[in-house]
Structures are given as structure tokens and as C-alpha cells.
1. Taking the condition of being basic (K, R) and under 21 Å from A:R114 (Cβ atoms), how many residues in the stretch A:45-103 meet it?
2. Look at B:L19 and say whether it is free of Cβ contacts under 8 Å to residues at least 24 places away in the same chain and aliphatic (A, V, I, L, M).
3. Within the stretch A:80-97, can you find the residues that are away from chain B (no Cβ under 14 Å) and buried (at least 16 other Cβ atoms within 10 Å of the Cβ)?
4. So, in the stretch A:248-259, of the ones that are buried (at least 19 other Cβ atoms within 10 Å of the Cβ) and under 16 Å from B:G60 (Cα atoms), which residue ends up nearest to the other protein chains (Cβ to nearest Cβ)?
5. Is there a residue in the stretch A:197-214 that is surrounded by fewer than 22 Cβ atoms within 10 Å (Cβ to Cβ), more than 10 Å from every other protein chain (Cβ to nearest Cβ), free of Cβ contacts under 8 Å to residues at least 40 places away in the same chain and in a helix (DSSP H, G or I)?
6. How do the pairs read when you match residues in the stretch A:176-187 that are facing another protein chain (nearest Cβ under 7 Å) with residues anywhere that are of a type in the set (S, T, Y) and part of a loop (DSSP other than H, G, I, E, B), using Cβ under 7 Å and keeping only pairs 6 or more apart or on different chains?
7. Being more than 14 Å from chain B (Cβ to nearest Cβ) and at positive phi is the requirement here; does A:G167 meet it?
8. Among the helices (runs of 4 or more DSSP H) lying completely within the stretch A:216-291, list those that include at least 2 residues that are within 29 Å of B:D299 (Cβ to Cβ).
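Derivation of every value follows stated rules applied to the coordinates shown; laboratory data play no part. Being a predicted model, the structure only gives us computed values, none of them experimental. So basically every Cβ, Gly included, is an ideal-geometry build from the backbone, and we count neighbours across all protein chains shown.
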Amino acid sequence: MTFPPRRPGAVVLVLALAVAGAACGDRLPPAAGGPPARVVSLAPSVTEIVFALGAGDRLVGVCGECDHPPEAARLPRVGGWVVPSVEAVLAARPDVVFAVPSPGNHEAVLALERAGTRVEVVHDRVLADLWDAVRRIAAVLGVPARGEQLGADLARRLDEVHARVAGLPAPRVLVVVGHDPLIVVGGGTLQDELVRLAGGVNVAADAGTAWPALPLEVVVARAPDVIVDAAMGTDAGGRRLFARLTTVPAVRDGRVVALRDDAFLRAGPRVPDAAAELAELLHPGLARTRDAG
Amino acid sequence: MSVRAPYLTRGRLVATLALLAVLLAVSIAAAVFVGPAPASLARALGPDGASTPDRAILFGTRLPRVLLGAVVGASLSTAGAALQGILGNPLACPHVLGISAGAAVAAAIALVAAGDTMSPLLPLAAFAGALVATAIVGFGARAHGRTTAHAILLFGVVFNAVAAALLMLIEALASYRQVHGILFWMMGTLSTQSWVVVAAVALYAAVGLVWLLRHAHHLNLLAAGDEDAARLGVDVERARLAVFAAAALLTAASVAVAGMIGFVGLVVPHLLRLVLGPDERLLLPASFLAGAAFLVWADALARTVLGPAELPVGVVTALTGGPFFLYLLRRSLARVLP
């Protein structure tokens, strides 16, 4: 399992603090010595982490896709996740900006740094990134203990989900994120990790890329027991796509299921919820067992 | 490879087309056995064949895809041959004149509105968008009931640029996931479609070819220039409009179901013109058959080379057709320039 081991975690924390400290010392006069009071988040996952650390009141700007928790929706927008607005970010006068590499924000991040703004880059692709991001953000915000607590809490809840599916037969799972062309979850992704945590086997884990496009015949050949449809769009679209593949167990047994929760797509503090939801989709009896127990 | 094309005789026409038809038939039959999922024909046709994955793979998913590739390749290639002929310009192809771009804009709007790439709205919108684009270019480039090849080409190229800008505007306003959907749609894929869709596109391909063949003689005369063609009894405006409309229908049907697959409509007719000569009576049906075979093989490559994942077939057509085309150009250039 891929939960953060305590000791290396502490090393990472120390390193993160050292890096953060060095960055402060090198480039910026520390803002009156205290932790940053004005924070801008350029990614949905970061926004959720900042709120989960209890520092949501320090956010003075978030990205256009930062829609969770509901309080985030009321914050000023500073452009999109893909391309943030440098001017809008600077106008928010942040003490620190948290960014996640997106297809189009590299130039913006460089421009912000040239303007003298402190930018902290974290990642949100896999669970290991989440542990790292929680510690880094907590350290930068001056609440390292809350970071440790949040990380431990998330890891414990993921453990609980995994414990509930332990010993159950592992269904073969295909997770769909695009209908036409058919794009699925490959190996090395958060979603692949969540499938394993939820007690399933990702039939496209070996497809070579993170988000492979698959010919429909591969779905027939891999014969998944469950097809999880997390694609943009409608349940009807997914059902129509697979309806004719009657030799596929998932289609034959009516187990083409929808998962439209965006928590499943972000390495943020809601991944335990996504893992629990996925576990219940993969093991239909699970919800009832939990209620009974 | 002969640039000096002999006079077209009935014998040469029949022999060439028969050869290409055999090539296409063999290509389709062979391509059904090329794919990332292993499947046995013996099991598929065996006593319990109906319920085997082998049957589902070979006949349920792969055969419709191969046939869709054939009709889309045939349509794009024939449309390209017709446009190159009527505009007297070797760079003309369905994607240059804004026909596909019109389809793409409409498809992108439909995708944002419907929110699902599987929505039946998408091909309908793309089809309508292609026809609207054709009407804008065709009628826009007309004045006093007349038009010139030059005007159509210029109007088409500029319309294409405007449509591309519209597409970028839609992408700027759409969500990140919708943009992803639009981009993948634009790359062009021959995902498995239902038999109804394959049959519908095949119908358009057949009607388009027959329609164009009826004008093949006019196309030949138009190659001599508008005035000469008119003197020889061709209703130049009518002929040009008819050919343009047929090419648009062929393109619209293909782009609606397979997105923007490039290079088929440019390279195949061009290559055939180099090999077979400029007679449209041979060039049009030959483009139909050879374009079909080309896309069948390009897609066979697209679905196996990264196996089990697939490449967008448009990437394969561009990367195989493009360099080969450049090589041929260089060879003929070396012969033309002393």
C-alpha cells in the first residue's frame, strides 16, 4: 500500500521546511516574519487542501475550476486552471501563490516569480503527490502540525476503505474518462491507485500511457467485470457505447456504472470519499454490510 | 512510375479499376485480422461461435471499423480528387476549403451543449456545419451568377481561418474537459460505429461518386479553362456548383462520423494523378478505391502500433502519406526541372 510512512514523511517535512525557508531567504523579504496571510491557489486540489487545513480564510484568489468546498465558489477568481491571469493574481497582492503544473501555466508562473511573488509548485497526479502537497502547503502556511494530522487522517480513512474490501474477490475494472474516442485510466495515475485501494484490478493498467485511447475490441478482449464511467457527459452515452458488447461481463450483468464525482479526478482531501464510493460500486454488497455492522 | 499518361481506353479503365478493387477487397479482408486483441476465426465461426469474444472482436467491433475506414477514406479521397480537378489547384482538399472547419465548429458547439461525445447531436451538427460552410464559400465566391476557381479557393482559405478562430474561441470558453473532447474529435478517429452509421456513410459515398462521375466529362473540359469549356458546351457554373456540392456531401458525411482525418483527400488523388494521368473518368473512381484501401491500412497501423492503446488515425495518415508525398514531388520535380 502506498500510504505515507511516518519516518520518511518527517524527512520530507524537514526538507520541505528547509526548501521553503531557503526560498524565503533567497528571494523575498519575509512578510513581517509571520506565515503568509494572503494566499492564492491556482488549482482545485490545492484550494481543497488549504480549506482542509483550516486556512481557507487566508485565500484571496482561486482558479476558475476551484469549486469545492462551497465557500471556495465565493472567492475572487484569478483566471483558469489551465491559463491563470498574471494580472489578476498580482492584483490580489498574495504573500504566496500555490500552483500545480498545468498545460498552460508555466509562463504565468515564471512571470509571477519575475514580479517578485513567491510561488510554491506542488503536484496532484498520484497519492504520493497528495501527501507531499499536504505537508508542503501546511509548512508554508505555518501549520505543520495540522498538515501531519490531515495526512494521517486521510491515510487512515483510505486504510479503512481498503480494510473493508480485504478478502473480497477483486473484480476486473475498466475506468472510462472519454467516450469517443474511448479514453480510459491507465497505470501510474491516482485513479489506478484508487481502483486498487477499492479492491479492483484495472484491466488497462498495462496500456503504456496514463490515459490510453482504446479500440473497442480491447474492451471485449479484456472482458472487465465492471465498467466505471467517469467520462464527461451522460450515462446514456456510456451505455450506448458498450451496449453491443454482450460478451463483456460488465455489459452482460448490467454493471456499467457511473461515477461523476470530481473527487475521483483530483488528488485532494476528498480521495477517501472517492475511494469509498468506488469500493461500493465495485462491491455492491459493501454498503449494506457497513450499515449492518 | 510514368508521368506521361496514355490516352484513356475502355480496357485501361476497366483493368485499372479492377486491379484497385481487388486491392481494396484484399485489404479489407486482411485488416479484419489485424488488431490489438487476439481473436480466432475458427472459434468465431465454430458451433458456439455466436457467444464467443472472438466473434464479438472480429465481426462486432473490428469489421464495422474496417468498413467505416474504407468508406471514409473513399469519400475523402474522391472529394479531394474532385476539388483538385475543379479548382485546377493541386493544394485543394476537403480540409483546405473550410468544409471540415465548418463541421468542426458546429461539432464543438454541439459537444459543449450536449456535454457528451456520444451524443447523436454531434454528427448531425457536424454534417450541417459542413454544408453551411460549403454554402458560405460557394455562394460567397459568386458575383453576378459567376464564380472563378480562384475566388472559391481564396474564399475557402479565409473562411477556414475564421472558422479556426471561432474554434479557438469556443475552446477558450469551454471547460478543460470539453476542450479535451473537442481536440480528440478534431484529431479524427475511426472508433467502432454501429452498422447503421457505416451504411449511412457508405450511401453518401456511393451517391457522391455516381454524382461526380456524371460530371467527370465536364471536369475534363473545365481543365482546359472556363472559356474553352463553355465553347464546348459545358454549363460552367452549373457544373462547378454540382461538383462542389458533391464534394461537400462526401466530406460532410465523413467528418461527421470520423472527425478530421487529414492527408487522405490531399495525397491519394495527387498520387493517382501522377501515376494515372489527369482523366477524371478514371481518377475519380480510382481515388475512391485507393483512398479506401489507404485508410484501411492506416487504421490497421493506428490500432496496433501502440497496442493495446491506439493512435489517432489522422496522425498515421499524415506521417505515412506526408513523407511519401514529398518524395514523389521531389522525383517529379527532378524530371520537370532540367
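1. 1
2. So B:L19 fits the description; yes.
3. Listed by number, the residues that qualify are A:V86, A:V89, A:L90, A:A92, A:P94, A:D95, A:V96, A:V97.
4. Filtering the stretch A:248-259 for residues that are buried (at least 19 other Cβ atoms within 10 Å of the Cβ) and under 16 Å from B:G60 (Cα atoms), the one nearest to the other protein chains (Cβ to nearest Cβ) comes out as A:V248.
5. Among the residues of the stretch A:197-214, not one is surrounded by fewer than 22 Cβ atoms within 10 Å (Cβ to Cβ), more than 10 Å from every other protein chain (Cβ to nearest Cβ), free of Cβ contacts under 8 Å to residues at least 40 places away in the same chain and in a helix (DSSP H, G or I), which makes the answer no.
6. A:G178/B:T117; A:H179/B:T117; A:D180/B:T117; A:D180/B:S191; A:P181/B:T189; A:P181/B:S191; A:L182/B:S191
7. For A:G167, the condition - more than 14 Å from chain B (Cβ to nearest Cβ) and at positive phi - is met.
8. Per the criteria, A:216-222, A:235-242, A:249-252.
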